[in-house]
1. So which residues in segment B:192-220 are open to solvent by less than 10 Å² (accessible area, probe 1.4 Å) and within 14 Å of another protein chain (Cβ to nearest Cβ), if there are any at all?
2. If a residue has to be among the small types (Gly, Ala, Ser) and assigned to a helix (DSSP H, G or I) to count, how many in segment A:60-83 make the cut?
3. Read through the list (1) open to solvent by 20 Å² or more (accessible area, probe 1.4 Å); (2) farther than 21 Å from residue B:39 by Cα; (3) in contact with a Leu (Cβ under 9 Å, 6 or more places away or on another chain), then give the number of the only condition that residue B:72 fails.
4. Can you pull out the residues in segment A:52-87 that are among the charged types (D, E, K, R) and either buried (at least 19 other Cβ atoms within 10 Å of the Cβ) or within 9 Å of chain B (Cβ to nearest Cβ) (or both)?
5. Could you tell me how many of the residues in segment A:123-141 are out of contact with any Phe, Trp or Tyr (no Cβ under 6 Å at 6 or more places or on another chain) and buried (at least 22 other Cβ atoms within 10 Å of the Cβ)?
6. Could you tell me which of the residues B:104, B:78 is open to solvent by less than 40 Å² (accessible area, probe 1.4 Å), of a type in the set (Gly, Ala, Ser), part of a helix (DSSP H, G or I) and modelled with pLDDT of 90 or more?
7. Output the helices (runs of 4 or more DSSP H) that fall wholly within segment B:261-332 and possess 2 or more residues being of a type in the set (Val, Ile, Thr) and either in contact (Cβ under 8 Å) with a residue 60 or more places away in the chain or closer than 18 Å to residue B:70 by Cα (or both), or say none.
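The values are calculated or read from the model by the stated rules, or taken from the named source; none is laboratory data. Remember, predicted model here, so these are calculated numbers, not experimental data. With ideal geometry, Cβ positions are generated from the backbone for all residues, glycine too; neighbour counts draw on all protein chains shown. Heads up: the accessible areas ignore ligands, DNA and RNA and are worked out on the full protein's heavy atoms, side chains in. Shrake-Rupley method; radii C 1.70, N 1.55, O 1.52, S 1.80 Å.
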Amino acid sequence: MSFINSLDPRINRLSIPSEFGASFPEQGEKDQFITYEVFVQPKENKAFQHEGIVHAPTEEMAFLFAKEQFSRRGMNCSGIWVIKTTDIQVSPITENGEDIYDYINKEIMEGAAKGENEKYQVFQLMKRGKQHIHAGELDAHSPEEALWNAKNKFAGDKPAFNLWIVKDSVILKIEGEEFSDIWETLPDKKYRDAMDYKATEKIKKFKEEQKA
Amino acid sequence: MYGGGQVFEPSSTNNDLLKDEDPKKLAEFEARIARGEKIEPKDWMPKLYRKQLIRMIEQHGHSEIIGALPEGTWITRAPGFKRKLALMAKVQDEVGHAQLLYGAAETLGKSREQMIQDLITGKSKYSNIFNYPTFTWADSCFISWLVDAGAIVNQLANARGSYGPYCRALDRICAEESFHLKYGHHCVIHLATGTPKQREMMQEAVNRWWAPMMHFFGPSDKISTHTEILTKWKVKMATNDECRQQFLDMYVPKIWELGLTIPDENLKRNEQTGEWEFTEPDWEEFKRVINGDGPCNKERLAVRRTAEERGAWVRRALASKTKGEEYVAPMA
């Protein structure tokens, strides 16, 4: 059997066959993890905002991946919330700058099955093309009631185009004093920042030497 | 990192896809884009728009993953601890970018597993430049500085496009690329202003990489298919030639000021037109390498495939924790 001959010693150590069989397992036999939506708090006391997704088997793993993905660089993270994509209730998205709150009426709430009184978190899309931003929390007996309560609590002069509603109990929250150690070393990783690679002096000196 | 030169399908298929669209919805969609608004995953969009975006974002994601390989090669042999730290951080960024991009493509309805499958089986493409080998440390410096510089030209253009999730991913990516660019420049300056041996090493890398770098932005507008509709829909934001010209304008002077030469005696800026003139790149070679016959195509895919196969047991073990929950497309 012959192996891939690479310039990279690590690849040579893997002994990768130079020819593969034709078949590769179909997607169905493979391993599509579910997705989690990740919200990042850029600074203490600032609102959480949606940053993207991670694929993970559990919410704890989702947090670890989210930390690697969305807080690699200094001073831009002081908390992360992780929410399973299917746990987020989504309103329709409005057209022509209309406020989504104008579409929420009492009937929506009254038509819904009532559960226990629970805490919900509300995220609003205030600008098309930007991220959903955390508006605040409220209590409700159903997601529909949460929409109605959100209208009373968060509707303002500026229209919101889309709402995400999530039961507080399903959110994995890594934030606050208890977890502050996690972000402590971020500012030390200067080698990750463009600022750490100044070279103007070196070029200047080189040019002067060339002239001389 | 990303190269242009996406191979779009012939326009006859495009027209087929377009003719079934509801004209009223299409008009609203185009009006939204004309107003400068972003399209979001739940918005109505033409099939052709969805298809081209998936192809483009997916290809971009694959380029990040495969692009990490020629640079990753040099992590173990980086000259010194500081360079090793930086290169590890950069390679981690690139893989992270792929995750962001796959996430954006997923909002359009293609699963990440399917994209990985299509990469490994050779169905999807990635940036051609990563099919060339990094013989020396200087090659990896060339990539960090100039291939990333080319990628930034492309990505800044695309970040002004119409699809919300792609633009948001690109904003995040471009912010990190500024570190790559500065780090890469720092490495090249160090070699170019160093000992005669270091200078020679850097010059050789420039000689090796110049042709692939000119290919990077894709075939000249003269010979590539124009797709006006993709420009109108803000899927393609700048032509291959526009990106190439912008790159030359920004970086040729920076290469020259380090006393390095560029292996193209026809390369010069035409003072009257403001355009750069150069020897036409060998587009036959470009096509040949894209179609699989480059120095590293086989190795790149074999490495990716091996990682997928040998890591399968870890993912299976983890998947047993998911309690059979079903995958749905992510939100934004």
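1. B:192, B:202, B:205
2. Let us first name the residues in segment A:60-83 that are among the small types (Gly, Ala, Ser), namely A:62, A:66, A:71, A:74, A:78-79.
So of that shortlist, the ones also assigned to a helix (DSSP H, G or I) come out as A:62, A:66.
The total comes to 2.
3. It is condition (1) that residue B:72 fails.
4. Here is the first cut: in segment A:52-87, the ones among the charged types (D, E, K, R) are A:59-60, A:67-68, A:72-73, A:84, A:87.
Result: A:67, A:68, A:72, A:73, A:84.
5. The total comes to 1.
6. Numbers: B:78 fails: part of a helix (DSSP H, G or I).
Of B:104, B:78, the one residue that is open to solvent by less than 40 Å² (accessible area, probe 1.4 Å), of a type in the set (Gly, Ala, Ser), part of a helix (DSSP H, G or I) and modelled with pLDDT of 90 or more is B:104.
7. Working: elements: B:283-290, B:297-310, B:312-319.
Those helices (runs of 4 or more DSSP H) span B:283-290, B:297-310.
Every residue, every condition in (1) outside any helix (DSSP H, G or I); (2) open to solvent by 30 Å² or more (accessible area, probe 1.4 Å); (3) basic (Lys, Arg), yes or no:
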| site | (1), (2), (3) |
| --- | --- |
| A:153 | no, yes, yes |
| A:158 | yes, yes, yes |
| A:165 | yes, no, no |
| A:206 | no, no, no |
